[in-house]
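Written out below as structure tokens is the structure these notes cover.
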Amino acid sequence: MAGPISCLEVSYRAGEDLSGSQYMAVVHSGTTDHVVELPAAGGVGQVAGILQNSPVSGSAARVRKLGESYAYASGAITRGDPLEVADAVGNLRTAQAALGTLVGSAQESAADGERFKVFLTLFEVYGSTLTWSSSSSSSSSSSSSSSSESSSSSSNSSSSESSSSSSNSSSSESSSSSSNSSSSSSSSSSSSSSSSST
């Protein structure tokens, strides 16, 4: 089986001894730029990516930020699950928190403690955005449907009024024409009668 495919790796400096933390999630240092360290707890934000080597404190730490990587599971994980940091060791678990960093999605299922493939797409989550897309789509769909029905109703109403107006106009013109024709015929008949008497 082919190994993970890297899309983006960045070199940082290890802010602590990470020699036993290959394929664990690491976070940005809270005090120094370009330095990574292990997370303080599960469900945290500011995740830098997954560590690819085993650096001691102060040495170069290769961190994968995008693409496939190995990682270690905390609890059972099912392929396709969104993932977040599980603990202070850097394991990953199925995402639960409403705050923190979504690290990516599981490429394969894994049991607790098992190494597995993950596709990294780091994304910071604020509030309850884990369910945002579905509710937003539903709301948008409902709004579009209402707008469409309203527009259709308005269009039909206008069409009906226009048709009615046109019909009334035609009827009026027809009536007027008929009246004028009758009047003209009557006048002509009267004139002929008068001429005949004379």
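Normalised by the number of residues in the stretch 1-102, what is the relative contact order in percent for Cα pairs under 8 Å and 6+ residues apart? Numbers along the way, then the final one.
Details: 254 pairs, mean separation 33.4, N = 102.
Contact order relative to length: 33 percent.
Once the 1.4 Å probe is applied to the protein heavy atoms, the stretch 73-118 comes out at 41 Å² accessible per residue.
Can you pull out the GluC sites (Glu not before Pro) in the stretch 1-102 that DSSP calls coil and that have at most 13 other Cβ atoms within 10 Å? Before the final figure, lay out each step's value.
Numbers: sites: GLU9, GLU16, GLU37, GLU68, GLU84; in loops: GLU16.
Passing sites in the stretch 1-102 do not exist.
Remind me, relative contact order of the stretch 71-119 in percent, using alpha carbon pairs under 8 angstrom and six or more residues apart? Write out the running numbers ahead of the final one.
Values: 114 pairs, mean separation 22.7, N = 49.
For the stretch 71-119, the relative contact order is 46 percent.
By a 1.4 Å probe calculation restricted to protein chains, PHE123 has an accessible surface near 120 Å², given to the nearest 10. What net charge do the residues around SER54 carry, taking every other residue with its C-beta under 13 Å from that of SER54, with Lys and Arg at +1 and Asp and Glu at -1? In short, -1. With Cβ to Cβ distances under 11 Å as the rule, what net charge do the other residues near SER29 carry (K, R +1; D, E -1)? Taking every Cβ under 11 Å from that of SER29, the sum is -2.
The values are calculated or read from the model by the stated rules, or taken from the named source; none is laboratory data. Just so you know, these numbers come straight off a predicted model, no measurement behind them. FYI the Cβ positions are ideal-geometry reconstructions off the backbone, even for glycines, and counts take in every protein chain you see. These area figures cover heavy atoms from the full protein model, side chains too; ligands, DNA and RNA do not enter into them. Shrake-Rupley method; radii C 1.70, N 1.55, O 1.52, S 1.80 Å.
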